[in-house]
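Below: one structure, written as structure tokens.
The values are calculated or read from the model by the stated rules, or taken from the named source; none is laboratory data. Keep in mind that what you see is a predicted model, and the values were worked out from it rather than measured. Note: accessible area is taken over every heavy atom of the protein model, side chains too, but ligands, DNA and RNA are not part of it. Shrake-Rupley method; radii C 1.70, N 1.55, O 1.52, S 1.80 Å.
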Amino acid sequence: MPQRRKMKAEIIAHGSVPAPDPMTQPSTLLQHLGLQHPIIQAPMTGSDTPQLAASVSQAGGLGSLGCGARSPAAMREAAAAVRAATGKPFAMNLFVLRTPAPDASMVEAALARLAPLYARFDLPLEPPKKWCEDFDAQFDTLLELRPAVASFTFGILSGEQIGRLHRAGCLVQGTATTVEEALAWQNAGADAVVASGIEGGGHRGTFLSRWEESHIGTMALVPACVDALSIPVIAAGGIMDGRGIAAALALGAQAVQMGTAFLACPESAIAPAWRAALANARGSDTRLTRAFSGRWARGIGNTTMRALDPLAAQLPAYPIQNALMGPVRRAAAKAGDADGMALWAGQGVGAARALPAADLVRRLAAELARIKPWPVR
Ligand SMILES: Cc1cc2nc3c(=O)[nH]c(=O)nc-3n(C[C@H](O)[C@H](O)[C@H](O)COP(=O)(O)O)c2cc1C
């Protein structure tokens with residue numbers, strides 16, 4: 001039986017990927033997914049494209065579609081576009097969210113705080129028509145689309161939901177920022193955990209641990225998760241080249257998930273001003289902020305962050321602040337104004353290479369091959 005079909009049968013029978021045999025299986029995750037390289041292009045809501053995901057998968061890595069802000073129709077369209085370009089496996093990722101019903105006076109106060117920004121871009125000061133996509137509808141769409149990998153962040157699924165994904169043939173990955181969160185995903189029945197270090201670009205996935213306890217670097221978080229879990233660990237955060245991949249594998253990760261490195265590829269959907277900022281930034285230019293979305297995330301510092309971050313404790317939580325800032329981000333992108341945009345990037349940004357995605361995967365694989373052998377697990 002081909003590896004992936006065999007794995008699906010095993011997942012359905014046992015509920016998770018079987019434990020690796022360190023002598024004969026260098027990486028169960030890779031073999032099960034039929035990947036050539038231990039490289040996952042991170043899901044990047046609003047910034048990835050089907051072309052990016054398909055190019056990475058076709059080159060032997062695993063491409064991903066960040067579907068947090070995609071409607072069910074947009075999820076179907078994006079998955080179809082990847083499948084039209086490649087027959088290789090790919091991942092789809094969702095934010096585990098409940099649709100909020102915020103208090104009207106809280107929304108009014110949050111909007112009033114943003115009045116100067118709205119005025120700068122000549123936007124009407126009014127709340128959005130919806131706060132976020134409906135998670136249950138997105139989840140049903142995922143079951144219908146059956147990607148090889150279904151990955152999640154911002155929260156955790158129930159065992160029942162994971163069982164439904166397994167029966168649809170999906171491998172389930174959960175994002176963790178602490179060992180406690182990684183264990184929660186393993187206990188719920190996930191097949192792999194993305195250990196997300198504080199260096200990484202974009203949002204922190206923290207859902208269980210206190211925010212102050214979740215500032216753990218990739219170098220410390222990955223081996224701690226590897227030691228605590230029996231399922232595969234995927235390292236994320238600050239990994240930019242073959243050296244970083246080799247380091248993560250040496251720590252016991254079975255694969256890496258890279259966001260900032262793939263953001264610079266011409267296939268990503270980022271606005272020109274963001275691309276220019278990426279090309280000129282270094283790690284010391286990045287900051288953690290709640291300004292753009294109400295959830296802590298890492299990006300290149302700008303005047304909007306500096307204006308709103310002193311008010312961080314007053315800003316509403318995701319997705320309220322995110323939806324309220326949506327018109328500002330879109331208007332700024334249109335105007336080419338990097339100061340109004342969320343310039344998500346990780347601490348490794350200075351090492352980003354603006355290569356076509358397939359070339360980047362090949363380059364990373366060649367760099368890794370030069371460093372081999374690393375301890376297998
Ligand atoms: C622009 C951007 C958008 C992101 N969106 C998502 C997302 O939708 N879902 C998710 O699980 N992670 C998301 N992430 C985090 C990545 O999955 C990954 O953990 C992170 O990029 C790794 O750190 P690095 O940027 O240093 O490679 C995003 C990251 C970036 C840079």
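Details
- Residues whose amide H falls under 5 Å from that of V194, counting only those 5 or more places apart or on a different chain, are G174, T175, A176, I234, with hydrogens built in the peptide plane.
- Rounded, prolate or oblate (a/c below 1.5 giving rounded, otherwise prolate when a/b exceeds b/c) for the stretch 247-377 by Cα gyration tensor: prolate
- The stretch 85-154 and the stretch 192-217: distance between their alpha carbon centers, rounded to Å: 20 Å
- Of K129, K88, K334, the residue with the greatest mean-square motion in the GNM of the chain, using alpha carbon springs below 10 Å, is K129.
- Across the stretch 111-122, rounded Karplus estimates of 3J(HN,Hα) from the backbone phi angles (6.51 cos²θ - 1.76 cosθ + 1.60, θ = phi - 60°) give 5, 4, 5, 8, 3, x, 5, 4, 5, 4, 9, 6 Hz, Gly and Pro being marked x.
- Surface composition of the chain: carbon and sulfur atoms hold 55% of the protein heavy-atom accessible area at a 1.4 Å probe.
- Rounded if a/c under 1.5, otherwise prolate or oblate - the stretch 192-307, Cα gyration tensor axes: oblate
- Overall form of the stretch 115-241 per C-alpha gyration tensor (a/c, 1.5; a/b vs b/c): oblate
- Solvent-accessible heavy-atom area per residue, rounded to whole Å², over the stretch 83-146 at 1.4 Å: 55 Å²
- Among A338, A248, A366, the largest mean-square fluctuation in a Gaussian network model of the chain, built with springs joining Cα atoms closer than 10 Å, belongs to A366.
- Per residue, the solvent-accessible area of the stretch 228-288 (1.4 Å probe, heavy atoms of protein chains only, all protein chains present) comes to 32 Å².
- A Gaussian network model of the chain, with springs between Cα atoms under 10 Å, assigns the largest mean-square fluctuation among D191, D122, D103 to D103.
- Straight-line cross-link partners of K334 among the aspartates and glutamates, defined as a Cα under 13 Å from its Cα and at least 8 positions apart when in the same chain: D122.
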